[in-house]
């Protein structure tokens, strides 16, 4: 008879606080006096560098540092390499496994769970990916497709969801060395050992093209990023103490402020993407800081900045909610009227324009500055993300899926749902539909980088750069606008420039 083992399967939840699957696994282990084993599985798509299953260099860099730090907090933590289902089934050949794991919004995750259960492995899935119910519906029983009604529905639930306690991981029974040796081969939990497992390539698939990013831009430098729960919490608490959250509503879109020091945004996107903190924890810290529940989304008694910040957190929920219910959105437009109907530019032109966009050579200074920012740092300001998405799809006429893939390859704070939702929004094909938004790069620069500080910071190495005499764009905006209207099959009167 096989001896029992409780496994906590960590995926994108590198934290001890407010981690429901970890708490449930520990409770089971301690209550039944069963050995406890936390694990992480280096899936093949993470290590192979295959552009079909994009796991970019920034993600590899972060994982190779955050994972050893998280593992060090446990008496025993094991890293395996291979397919998750195959690995867990191999473990189950030697022990009677009960797996605890936090849920996800991607269909592949549930396929894995079903395969494990079919193999006779007990799997307990904890609600974590969303802080509001996945089955949230309107009064008519329909799924939401517009953000504002969704936000009104879930706001109170979102701000009132309790944060679970920090897990105590030291006082727990673990496997003996002899028992560990019966299980699959382990990967040493060090940055050096993990980096050996990762291919160093930076390949990208756009349409039928395989593009080697190393031939276009230098590898980014990841400076001043946190890699742990403690560092992320310290960063956010410092953000609260600085008073910057009070001005968030006014300052969050400012590219000028982003160009100075660390900017005025919280930089919590990385922590949320990898589960160093939960959105519930951030809301709780905001409530504690202001001594306010924020249970009314329309009340600005305390801080309009905090209300706006919470609203942005709910945008993340909205995009995860959409991807959970519509997994096809990764490569299919949300709006049926645009599925297969947009006349993107022909392939050779698209490839040339896409490469120029990646290199920051579109001739639109604010766009080129943003593309230099992501190429050099692996991160881009959110206002810039909206601008470059609009310009790629509307002005350059390149399929939004190509841009989505570049961001998947290049962002250190990649959240698949938010990235997909953002690109569909930028291309005007996604949820929350409105007449297409056409971003005018000159207006965007004037409104959000009036002094040119952002453009100067990221384009200063370009000898040809001058705000007084900007370079000629690939497509002049007026012409691009007219072509975009034709491409989308819309009248000239419907949309307006932003």
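The values are calculated or read from the model by the stated rules, or taken from the named source; none is laboratory data. Since this is a predicted model, take the numbers as computed values, not measurements. Backbone-built Cβ (ideal geometry, glycine too); neighbour counts: all protein chains shown.
Assorted remarks:
- Single residue of 293, 266, 284 found to be buried (at least 17 other Cβ atoms within 10 Å of the Cβ) and assigned to a loop (DSSP other than H, G, I, E, B): 266
- Residue identified as surrounded by 14 or more Cβ atoms within 10 Å (Cβ to Cβ), outside any loop (DSSP other than H, G, I, E, B), over 22 Å from the mean Cα position of the chain (by Cα) and at pLDDT 95 or above among 233, 240, 204: 240
- Which numbered condition residue 224 fails, given (1) within 19 Å of the chain's Cα centre (by Cα); (2) crowded, with 22+ Cβ neighbours inside 10 Å: (2)
- Of the residues in region 3-20, none is free of Cβ contacts under 8 Å to residues at least 40 places away in the same chain and surrounded by fewer than 17 Cβ atoms within 10 Å (Cβ to Cβ).
- If only residues of region 82-91 that are without any contact (Cβ under 8 Å) to a residue 40 or more places away in the chain and within 19 Å of residue 181 (Cα to Cα) are counted, the one that is surrounded by the most Cβ atoms within 10 Å (Cβ to Cβ) is 89.
- Region 370-416 - residue that is over 15 Å from the mean Cα position of the chain (by Cα) and not in a helix (DSSP H, G or I) and, of those, surrounded by the fewest Cβ atoms within 10 Å (Cβ to Cβ): 399
- Residue in region 175-190 that is crowded, with 18+ Cβ neighbours inside 10 Å, assigned to a helix (DSSP H, G or I) and touching a residue at least 24 places away in the same chain (Cβ under 8 Å) present: no
- Residue in region 354-366 that is assigned to a helix (DSSP H, G or I), crowded, with 21+ Cβ neighbours inside 10 Å, in contact with a strand residue (DSSP E or B) (Cβ under 7 Å, 6 or more places away or on another chain) and outside the structural domain of residue 249 (by TED's automatic domain parsing) present: yes
- The test for being modelled with pLDDT of 95 or more, assigned to a helix (DSSP H, G or I) and either exposed (fewer than 15 other Cβ atoms within 10 Å of the Cβ) or in the same structural domain as residue 473 (by TED's automatic domain parsing) (or both) does not hold for residue 316.
- Members of region 135-147 found to be under 24 Å from the mean Cα position of the chain (by Cα) and either surrounded by 14 or more Cβ atoms within 10 Å (Cβ to Cβ) or free of Cβ contacts under 8 Å to residues at least 12 places away in the same chain (or both), listed by number: 135, 136, 143, 144, 145, 147
- Of all residues in region 207-225 being in a loop (DSSP other than H, G, I, E, B) and farther than 17 Å from residue 371 by Cβ, the one that is modelled with the lowest pLDDT: 223
- Test result for residue 100, in contact with a helix residue (DSSP H, G or I) (Cβ under 7 Å, 6 or more places away or on another chain), in the same structural domain as residue 31 (by TED's automatic domain parsing) and at pLDDT 95 or above: yes
- Complete set of residues in region 59-81 that are surrounded by fewer than 20 Cβ atoms within 10 Å (Cβ to Cβ), part of a loop (DSSP other than H, G, I, E, B) and in contact with a helix residue (DSSP H, G or I) (Cβ under 8 Å, 6 or more places away or on another chain): 76
- For region 159-174, the set of residues classified as in a helix (DSSP H, G or I) and either touching a helix residue (DSSP H, G or I) at 6+ places or on another chain (Cβ under 6 Å) or surrounded by fewer than 12 Cβ atoms within 10 Å (Cβ to Cβ) (or both) consists of 159 only.
- Residue in region 91-108 that is in a helix (DSSP H, G or I), touching a strand residue (DSSP E or B) at 6+ places or on another chain (Cβ under 8 Å) and over 25 Å from residue 170 (Cβ atoms) present: no
- Subset of region 47-58 (residues that are touching a helix residue (DSSP H, G or I) at 6+ places or on another chain (Cβ under 7 Å) and assigned to a helix (DSSP H, G or I)): 47, 53, 58
- Number of residues in region 27-58 that are touching a residue at least 60 places away in the same chain (Cβ under 8 Å), surrounded by fewer than 22 Cβ atoms within 10 Å (Cβ to Cβ) and under 30 Å from residue 285 (Cβ atoms): the value is 2.
- Looking only at residues of region 103-134 that are touching a helix residue (DSSP H, G or I) at 6+ places or on another chain (Cβ under 8 Å) and over 26 Å from residue 276 (Cα atoms), we find that the one that is surrounded by the most Cβ atoms within 10 Å (Cβ to Cβ) is 116.
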